[in-house]
Amino acid sequence: MTPPMIKARIVCTAIALLAAAPSAADAAGTPEQRRACRQDAMRLCREFVPDVKRITACMQKNVRKLSPLCRRQFR
């Protein structure tokens, strides 16, 4: 896995955990990553929560539609 893919997976894991179990979200991803991508994940990939692999694929597929703040997390 390349470093950007690892970072993207961390972000998506955090988003999935935040949606599925808010108290567990503190353990995955950074607060900055969660803040940057949560709205985009809910807007573009809501139907895949909490499946991290599918959220990751969806976010990568829609990288051009991500907010600039979230897009930076995928670099």
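The numbers here are math on the coordinates, done by the rules we state, and not lab data. As the structure is a prediction and not an experimental result, all values here were calculated from the model. Using ideal geometry, Cβ is built from the backbone for each residue, glycine included, and neighbour counts are taken over all protein chains shown.
Here the Karplus relation 6.51 cos²θ - 1.76 cosθ + 1.60, evaluated at θ = phi - 60°, turns the backbone of segment 33-45 into coupling constants of 5, 5, 4, 5, 10, 4, 5, 5, 5, 5, 6, 9, 10 Hz, with x for every Gly and Pro.
Please give the length that would be gained between V63 and R43 if that part of the chain were fully extended, namely 0.36 nm times their separation in residues minus their C-alpha to C-alpha distance (nm, one decimal).
Numbers: separation 20, 0.36 × 20 = 7.20 nm, distance 1.26 nm.
Additional length available on full extension: 5.9 nm.
With a Förster radius of 30 Å, plug the Cβ-Cβ distance of R75 and K53 into 1/(1 + (r/R0)^6) and report the FRET value to the nearest 0.05. Computed FRET efficiency for R75 and K53: 0.90.
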